[in-house]
1. Using only protein heavy atoms and a 1.4 Å probe, report how much of Ser188 is accessible, in Å² to the nearest 10.
2. Can you pull out the trypsin sites (Lys or Arg not before Pro) in segment 428-475 whose DSSP state is coil and whose Cβ has at most 16 other Cβ atoms within 10 Å?
3. Could you compute the FRET efficiency for Leu182 and Asp304, with r as their C-beta to C-beta distance and R0 at 41 Å, rounded to 0.05?
4. Pairs Lys175/Lys203; Lys175/Lys390; Lys390/Lys416: which are spaced more than 25 Å apart, C-alpha to C-alpha?
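The values are calculated or read from the model by the stated rules, or taken from the named source; none is laboratory data. All of these numbers come straight from a predicted model, not from anything done at the bench. Backbone-built Cβ (ideal geometry, glycine too); neighbour counts: all protein chains shown. The accessibility values were calculated without ligands, DNA or RNA, using every heavy atom of the protein model including side chains. Shrake-Rupley method; radii C 1.70, N 1.55, O 1.52, S 1.80 Å.
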Amino acid sequence: MATLNIRPQTDLGVLPQLQALESVGADTPEGGHETAHGHRLAAVSGVHHGRGETGPAAPPHRRHPEKASAFEGANREVHPAVFVLDRHGHPLDPCHPARARRLLAADRAVVHRHTPFVIRLKDRDAATSTIEGVGVGIDPGSKHTGLAIFTDHGGSRTGRYAIQLDRRGGAIRDKLSARAALRGGRRSRNLRHRAPRFLNRTKPRGWLAPSLRHRVDTTLSWVVRLTRWAPVRAVYVERVAFDTHALSAGRPLEGVEYQQGTLAGYEVREYLLAAWGRACAYCGASGVPLNLDHIHPRSRGGSDRISNLVLACIRCNQAKNATPIEVFLKGRSALLARILKQAKAPLRDAAAVNATRWALWRTLETTGLSVHTASGGRTKWNRSRTGAAKSHTLDALHVGPLENVTVWPCRILGVKTTGRGTYARTRADRYGFPRLRLPLTKQVKGFATGDLVRAVVPSGKKAGVHLGRVAVRGTGSFNITTRQGLVQGISHRHVRLLQRADGYGYTTHPETRHRAAFPPPPEGGGIDARGIR
């Protein structure tokens, strides 16, 4: 649910902006109670990103950016926009939250959706309105996907809204593994035999594992949602993080411009950051500036092939210098063998992510929108020019060709996929026998577990206003998970529905603060000892 900071003069019924409650499955309990409260979406720093880099600490945020030092630069953060619909439900250009409050106060608009916050105008038609349109940037990662909604004026982008989508591919993989184990156990027992199926197991063309298909489906689902709330004109997506074929060649390839131009150094760095886990290959130090180091020094005949490059901290890089690696790691045979083996090992995770990106691109093409693709190296190059920090949402804002990014949202909407419950109406004990039965009907008194509600209790020990996720009971006495914790025994007569459970949990957190831009690599794409951050 939306969690923008609230001030005393803000009306809760107009623009709800409380802190996050929970974003785990309400119908699939994981905690001590059914709403499974406890998940928190941590602020994403540079080291958490799938392709991220570690950099210096962000400068402190100042209330008056004009008084900030020259190092910090201007404050480019603005409040997230509010989605606007016309009276027939067609999307209009997003507006500032202050304008949305004025429209609601003047009774010119009504609340259409709670999270993300969407209003619907009563006196405006899309046919008679001037609509500028917005673009959507997508940064698909291994565990998270960044979505950015922005306006583009001749290559200068203005960020309007940011979403970080957290998938549950790991949970899907674990459930499939548990199911395979149970089925294997049944086949090994002395039970009735079923003929094996060997001739109907052919996978269709383009098949993806369920955990990978989940990445494509959830991203497509949110792009379609955004087209219902905003006039999306184009989609910009990272199709590949780096071209492993071009990098492994060790020489410029004809027709591959980025391999010969200013982006070449960024493609190499992106590959090495993923291959070596953003840590020094010799001492394992992380969170420090990292340099490119040649396993076999160039002065001794070593090449610039990707298999001859590792990441090294400044101390190890200077200590090794032009020394052969066998001499530098003398007496550390295990580390020497690991480095030589890992330098030539393929990036299996990167291959899976790249396969997902291609499937995502093909799926987005079916929406009818104009889909533009770019590489992760180009995204990082764009960020280095604008001075933006490293995060999924800022990466999504910098995907594709652009000249500048003026502002971006100060807060991110974190969306975690929680699922819509389960078809099973029983719970089993440790031996596999049913220990309780769930009701066949999920709704009680018009509410279902996971709905976002607001309860106003006039008197008693639980008097007050409680906003959060509800867990229904057949008796009509509900539990509500709020920011402060679990509130039990709330009568359904005091509960008002704000938004139906949609399979997602919502939180918000501040955007990663900006930093000073790092200088681009030298022209011609040469590999030097500049630190990777």
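1. 90
2. Here the trypsin sites (Lys or Arg not before Pro) that fit, given the DSSP loop and packing criteria, are Arg430, Lys442, Lys445, Lys461, Lys462.
3. Values: r = 51 Å, r/R0 = 1.25.
That gives a FRET efficiency of 0.20.
4. Working: Lys175/Lys203 20 Å; Lys175/Lys390 33 Å; Lys390/Lys416 20 Å.
With Cα atoms farther than 25 Å apart: Lys175/Lys390.
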